[in-house]
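Only one structure is covered here, and it is reproduced in the block below.
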Amino acid sequence: MLSLREVHAGYGGTRVLHDVTLHVPAGSIVALLGANGAGKTTVLRVAAGLVSPTAGALVVDGTDVTGWAPNALVGKGVCHVPEGRGVFPSLTVRENLVVQCKRGEEEKTYEAAASIFPVLGRRLDQVAGTLSGGEQQMLALMRAYIQNPRTVLLDEVSMGLAPIVVDEIFEFLRTIAAGGASLLLVEQYVTKALALSDFVYLLHKGQVAFAGEPGELDGEDLFARYLGHAA
């Protein structure tokens, strides 16, 4: 389980998160929703060790890991897939995959990439920066498979992609969740995120405005109030 407990955090003198508590139970999918500027990315950056809380705690599997470096959290099974195509653009697809995998597992990794996203298997020797946006996002998502993480933090991984690619990505998320990974998902496609998720949190101006199961949102005006649109 990954938890933020009464977390306050921000950048410089600006506080973004105010007393945020949320839990990502083992084997669950949790959607984190909110309007632009609500603090969703900051929550993920705290969970990944990229932003240190000014108060509160980050806890992974019962261990207080507040202040741990990102690479140490990777060792605890936390995988962060940031917004914006997190690949090495000057390296080939093959080289990007090698960076993520263990020594001796290169061929297995290539085969896995080709099986999960067949287009990557056809692009192994292509420079990553010349791939389409959707292909780059597929490559970025492969770290969530290669690292065999316990918890995956996903920040707007469908942003700017064609609907058919979005469908492929959501199918991939179902696959890694079925393999036992927990997901904390920030996503612009609210309906898709709710259909995939076991739990949902809504953030409003850096505070948790709602926490519960997706079905509990039925008949509420939370979307209009906190997302600015209907689901």
## Note on the structure
Across (1) touching a His at 6+ places or on another chain (Cβ under 8 Å); (2) open to solvent by less than 70 Å² (accessible area, probe 1.4 Å); (3) at pLDDT 95 or above, Gln207 clears everything bar (2)
### Candidates Gly39, Gly34 - the one that is crowded, with 23+ Cβ neighbours inside 10 Å, at pLDDT below 95 and farther than 17 Å from Asp198 by Cβ
Gly34
### Summary
Quick count over region 42-82, residues being closer than 17 Å to Val16 by Cα, within 14 Å of the chain's Cα centre (by Cα) and surrounded by fewer than 19 Cβ atoms within 10 Å (Cβ to Cβ), is 1
#### Entry: helices (runs of 4 or more DSSP H) contained entirely in region 89-205, each with at least 1 residues that are aromatic (Phe, Trp, Tyr)
106-116, 143-146, 163-178
#### Entry: Residues of region 103-132 satisfying the condition of being open to solvent by less than 30 Å² (accessible area, probe 1.4 Å) and touching a residue at least 24 places away in the same chain (Cβ under 8 Å)
Thr109, Ala112, Ala113, Phe117, Leu120, Leu124, Ala128, Leu131
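The values are calculated or read from the model by the stated rules, or taken from the named source; none is laboratory data. Treat the numbers as computed from the prediction; the structure is a model and nothing was measured. When we count neighbours, we look across all protein chains shown, and the Cβ atoms used for this are built from the backbone with ideal geometry, even at glycine. Heavy atoms of the whole protein, side chains included, go into the accessibility calculation; ligands, DNA and RNA do not. Shrake-Rupley method; radii C 1.70, N 1.55, O 1.52, S 1.80 Å.
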